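Colleague: Before we start, here is the structure in question, set down as structure tokens.
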Amino acid sequence: MPFSIFKLHPSILANVEALGYKEPTPIQAQAISVVAKGRDVLGIAKTGSGKTASFVLPILNQILKASTVERDRKVKVLILVPTRELAVQIEGVCKQLSSNLPRTIKSMAVYGGVSINPQMKALYGVDILIATPGRLLELKRSNAIELWKVETLVLDEADKMLNMGFKEEMEEIFGFLPDQRQNLLFSATLSDKLDGIQRVLLQDPVLIKVEDKIEDASLINLSGYFVASDRKGPLLRYLIRSQNMKQVLVFTSSGFSADKVADKLYKNGIEAKSIHGKKSQFAREKALSDFKSGVLNVLVSTDLISRGIDINELPFVINYELPRSPKDFVHRVGRTGRAESEGQAITFVTRDETHHFKVILKKMKRYIDMVDSDTMKF
Ligand code: AMP
């Protein structure tokens, strides 16, 4: 199916083509025309499914079709996301898809951890605002934006937003929005919490559920090592060197541990940085962009970036420490094996975590032949 069946503006189609998108992904095939019709949508799809373009394309088309262009501080399209990184990523997609259009469509990401004043100034004339809830409320309280004219609200990674203690902020934001609006809710999983908000937020929504590629995991090669805690560092270095890994995302269970692992790698001559919630925004952005561009070989992260962040064809993920929940495991390993390319997810398991790891694998309906690292020389 070609993109041309969606009757998007030719200049938008040209951007799609320039990005090398040959045909719509399943979520795009189902969502674009429904969103274009103005319907509410509940989309169950993970990052990596192409869901961002599935709402950005029809939204851009809608803005282009509007007969009047108002330049003010009244936001028409609001996209709420749980993390700054995801905000920046979605802003990137908006900018790519809106370049060289017959009229300028301004998209902008706002998030905390950086100075608010430049954001306040730059907001004037914004068409599409991508925001984390806390910063959005700060901007609203400073009268830098108006929300009563929002026509389309997008909630991305909605399940995460409801889990991470955003509830009160979200309710305050909903209070500022007009009753009449289009709501697009995207979530990786359909949970009870989501069910609650879905009933409050969505009006007669179209449910779009795309096949769960991660749990299908056909493109993710899972393997595991039994390893004592004090041998994890040497095993990690051995794997990186012996398999000549050029780009590997390593997950730890705390920021402290992420720093320690990255430090040790660096001291052993492997280019590594850590990324977690306690790092400055600048350090986070720099580490992520260096990693994405291939300058940095190893990024050591907490679960902060296991969701939502798309790294093009990431070949290796290593779970240095196991996550508590199977869901987090799925999200972590889902960073690899994206966009039809094969990926390897390697997990370190201490003997006393054997049962926990079995539970995770059972949830994923996968089996792994574990390697005993005691028998290995490194
Ligand atoms: P998303 O799930 O929105 O984070 O998108 C995941 C990745 O898929 C991004 O790198 C997009 O550039 C890419 N992508 C989105 N739509 C398509 C498409 N139709 N064909 C190929 N790649 C796509």
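Colleague: From the mean inverse distance of alpha carbon pairs (Kirkwood) and the Cα radius of gyration, derive Rg over Rh for the chain.
Modeller: We get a ratio of 0.98 for the chain.
Colleague: Can you give the three extents of the C-alpha atoms in segment 108-229 along their principal axes, from longest to shortest, in whole Å?
Modeller: 55, 41, 25
Colleague: Oh, and also: At A66 and E138, where each label point lies 7 Å from the Cα along Cα→Cβ, what is the point-to-point distance in nanometres?
Modeller: Taking the two extended label points, one gets 2.6 nm.
Colleague: On to the next question. Determine by what factor the alpha-carbon radius of gyration of segment 216-287 differs from 2.2 N^0.38 Å, reporting the quotient.
Modeller: For segment 216-287, the normalised Cα radius of gyration comes out at 1.22.
Colleague: Kindly list the residues of segment 76-101 that lie in the label zone of E17, defined by a backbone N under 19 Å from the point 7 Å along the Cα-to-C-beta vector.
Modeller: The answer is 96-101, whose backbone nitrogens lie closer than 19 Å to the label point.
Colleague: Amide H neighbours of R73 under 5 Å, at least 5 residues apart or on other chains, H built in the peptide plane: list them.
Modeller: G125
Colleague: Another question, then. Could I have the simple spin-label model distance between D179 and Q203, label points 7 Å from Cα toward Cβ, reported in nm to one decimal?
Modeller: That separation, rounded to one decimal, is 0.9 nm.
Colleague: Given the Cα atoms of segment 62-152, and with Rh set as the inverse mean 1/r over their pairs in the Kirkwood sense, what is Rg to Rh to two decimals?
Modeller: On the Cα set of segment 62-152, Rg over Rh gives 0.94.
Colleague: Within segment 66-159, what is the number of lysine pairs with alpha carbons under 17 Å apart, leaving out pairs fewer than eight places apart on the same chain?
Modeller: Close lysine pairs found across segment 66-159: 13.
Colleague: How large is ³J(HN,Hα), in whole Hz, for each residue of segment 95-108 in order, when computed from phi with the Karplus curve 6.51 cos²θ - 1.76 cosθ + 1.60 and θ = phi - 60°, using x for Gly and Pro?
Modeller: 5, 4, 7, 10, 7, 6, 7, x, 9, 5, 10, 9, 10, 8
Colleague: Then there's this: Any idea what the dipole of the chain comes to, in debye rounded to 20, about its Cα centre with Lys/Arg Cβ at +1 and Asp/Glu Cβ at -1?
Modeller: 580
Colleague: Whole number please: convex hull volume per residue, Cα atoms of segment 9-49, in Å³.
Modeller: Residue-normalised Cα hull volume stands at 80 Å³.
Colleague: Placing one identical point scatterer on every Cα of segment 34-77 and ignoring solvent, what is log10 I(q)/I(0) from the Debye formula at q = 0.18, 0.26, 0.27 Å⁻¹?
Modeller: So the normalised log intensities work out to -0.65, -1.03, -1.06.
Colleague: Now for a different question. Which one, V75, A131, V114, projects farthest toward the positive side of the charge dipole computed for the chain from Cβ point charges (K/R +1, D/E -1)?
Modeller: Positive-most Cα among the choices belongs to V114.
Colleague: Right, next: Can you list the lysines whose alpha carbon is less than 18 Å from that of K358, not counting same-chain residues fewer than 8 positions off?
Modeller: Output for K358: K327.
Colleague: For segment 3-209, what is one quarter of the convex hull surface built on the Cα atoms, given in nm²?
Modeller: Its average projected convex-hull area is 10.6 nm².
Colleague: Apply the Karplus parameterisation 6.51 cos²θ - 1.76 cosθ + 1.60, with θ equal to phi minus 60°, to every residue of segment 167-177 and state each ³J(HN,Hα) to the nearest whole Hz, in sequence, with x for glycine and proline.
Modeller: 3, 5, 4, 5, 5, 4, 5, 4, x, 8, 8
Colleague: While we're here: Amide H of I79 versus every other amide H placed in the peptide plane: which residues, excluding those fewer than 5 positions away on the same chain, fall under 5 Å?
Modeller: Excluding prolines and chain starts, which carry no amide H, the hits are L129, I130, A131, V154.
Colleague: What does the charge count near V114 come to, summing +1 for each Lys or Arg and -1 for each Asp or Glu among other residues with Cβ under 10 Å from its Cβ?
Modeller: Result for the neighbourhood of V114: +1.
Colleague: I'd like to know how segment 214-375 sits against the 2.2 N^0.38 Å rule of thumb: what's its Cα Rg over that expected value?
Modeller: 0.96
Colleague: Among the aspartates and glutamates, select those whose C-alpha is under 15 Å from the C-alpha of K286, and discard any that sit fewer than 8 residues away in the same chain.
Modeller: E85, E271
Colleague: Hey, another quick one. Once amide H atoms are placed 1.01 Å from N in the peptide plane, what residues at a sequence separation of 5 or more from I208, or on another chain, have their amide H within under 5 Å of its amide H?
Modeller: The list, which skips near neighbours in sequence, is L42, G43, I44.
Colleague: Order of 272-284, 250-262, 113-125, 50-62 by packing, highest average Cβ count within 10 Å first?
Modeller: Those peptides, ordered most packed to least, come out 50-62, 250-262, 272-284, 113-125.
Colleague: Using a simple spin-label model with points 7 Å from Cα along the Cα→Cβ vector, what separation in nm is obtained for K358 and N163?
Modeller: About 2.5 nm, to one decimal.
Colleague: In deg cm²/dmol, rounded to 500, what helix-only [θ] at 222 nm does the chain give when every DSSP H run of at least 4 residues adds -39500 (n - 2.57) and the total is split over its residues?
Modeller: -12000 deg cm²/dmol
Computed from the coordinates by the stated procedures, all read-outs in this text should not be read as laboratory data. All values derive from a computational prediction rather than experimental measurement. Because the Cβ atoms are built from the backbone with ideal geometry, glycine has one as well, and the counts that use them run over all protein chains shown.
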